[in-house]
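For reference, the structure is listed below as structure tokens.
The values are calculated or read from the model by the stated rules, or taken from the named source; none is laboratory data. Predicted, not measured: the structure shown is a model, and the values here were computed from it. Cβ placement follows ideal geometry from the backbone for every residue including glycine, while neighbour counts extend to all protein chains displayed.
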Amino acid sequence: MKSELEEGRAAFDGAFAALGSRAKGTQWTALLKSPRSTLELNAKSHEVLRHGHIDFVKNPTFNAAATHQNGWALVACHTGTAEVLTTLFSFLLSQPDCLIGIGKSEKETRWIASLAGCEWAKGRKAIESQLVVCRKVEDCLPRCEKRRWWAAFLTSLSLEFVYFHEFGHIVQGHVPVDGSVALELGGTALDQYCELEADAWAARALLSGMLDLVGTENLPTQRSVIGALTIAVFFVFLILDPDRARLNDYRGTHHPHPAVRMSAYMVVLEDAAGDSSTRDMIANSFAQSYLASLQSAEALQMRGASLQFLKDGEEIGEEYLRIVDAGNASRLRDQ
């Protein structure tokens, strides 16, 4: 009799065979090793994870997909996604001018020739030519122990947001139920609305589990938990599509503008707040971690880092409402 893991892997291989062969799980054990995984916490409280299977597909791109197969909720995460996020957060925390509020950033020494020339979304191989002190990326880890911890934690948290986003598509009924894989090629306002719904489900699911981490050594307060999640989500959005800058450039694409997605993320945090004092604390925490994320992105010279995140707020809000109104109208027509 097959174990649940074997059944899950069989369903995964059947659904995602066209995407590539499944990577060996052992090679990712060390890569994704984190001080504590939020997936472990959320698995206790989210039924979808009990009937879900997450696995890696050998593919160097930053991407993931979700579908149903034989009663399983399945997520395929490309190996490139893990590599890109691991490289990014290792670089981020090993630079003295990035996320300076974490640990002792003054211990870090700049070791890369030009942060402006890095193709962050293309992963490790595209950046290795920039190294001037280290011979390989694995040697370019933060020197401060606390910043090393945060590099591992933010990598794990960002990957978990990708996982939960895909599970969000399943929970919200966005994916086919016949075992096929939906490919994200074009984009309408309804497609973008579905992306915001998946983002919202992922943020709520992660936040509910992460609150159990409050009081631990590196996450002593609710503010620090919200800050960590905000930084992780920010860079997932930013690295997904770092080349465009204007809101109109995203019309007709599958995913909304990163600034719009961050606005929707803020709505989720506000909804999670109970009383007004908690809401104010969350808003303040979000603003601080949002600013720290933006400054870090600019320090890394990530193309398109400005992305109107701290300006044109009214325009961003209007675009968010346009997507939400279009999505709601489409849902009403389908009822």
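Contact map, the range 93-113: first residue within 17 Å of Glu298 (Cα to Cα), second residue of a type in the set (Lys, Arg) and assigned to a loop (DSSP other than H, G, I, E, B), Cβ cut-off under 9 Å, separation 6 or more or different chains; pairs are Ser94/Arg110; Ser94/Arg143; Gln95/Arg110; Pro96/Arg110; Asp97/Arg110. Filter the range 183-214 for residues that are more than 20 Å from Val236 (Cβ to Cβ) and either at pLDDT 90 or above or β-branched (Val, Ile, Thr) (or both) and give the result. Correct list: Thr188, Val214. Note on the range 65-105: residues that are farther than 20 Å from Asn218 by Cα, out of contact with any Ser or Thr (no Cβ under 7 Å at 6 or more places or on another chain), polar (S, T, N, Q) and modelled with pLDDT of 85 or more total 2. Of all residues in the range 236-248, at least one satisfies being modelled with pLDDT of 90 or more and part of a helix (DSSP H, G or I). Does the range 279-335 hold any residues that are modelled with pLDDT under 80, more than 21 Å from the chain's Cα centre (by Cα) and closer than 23 Å to Ser224 by Cα, and which are they? Scanning the range 279-335 gives a single hit, Arg279. Filtering the range 209-225 to residues that are within 21 Å of Tyr290 (Cβ to Cβ) and either of a type in the set (Asp, Glu) or over 16 Å from the mean Cα position of the chain (by Cα) (or both) leaves Leu211, Leu213, Val214, Asn218, Leu219, Pro220, Thr221, Gln222, Arg223, Ser224. Mind counting the residues in the range 255-278 that are under 17 Å from Ala200 (Cα atoms) and assigned to a helix (DSSP H, G or I)? Residues flagged as under 17 Å from Ala200 (Cα atoms) and assigned to a helix (DSSP H, G or I) within the range 255-278 amount to 15. Among residues of the range 226-252 being more than 19 Å from Ser296 (Cβ to Cβ) and surrounded by 17 or more Cβ atoms within 10 Å (Cβ to Cβ), the one that is farthest from the chain's Cα centre (by Cα) is Leu247. Search the range 262-276 for residues being small (Gly, Ala, Ser) and at pLDDT 75 or above, and hand back the single one that is surrounded by the fewest Cβ atoms within 10 Å (Cβ to Cβ). By that ranking, first place goes to Ala272.
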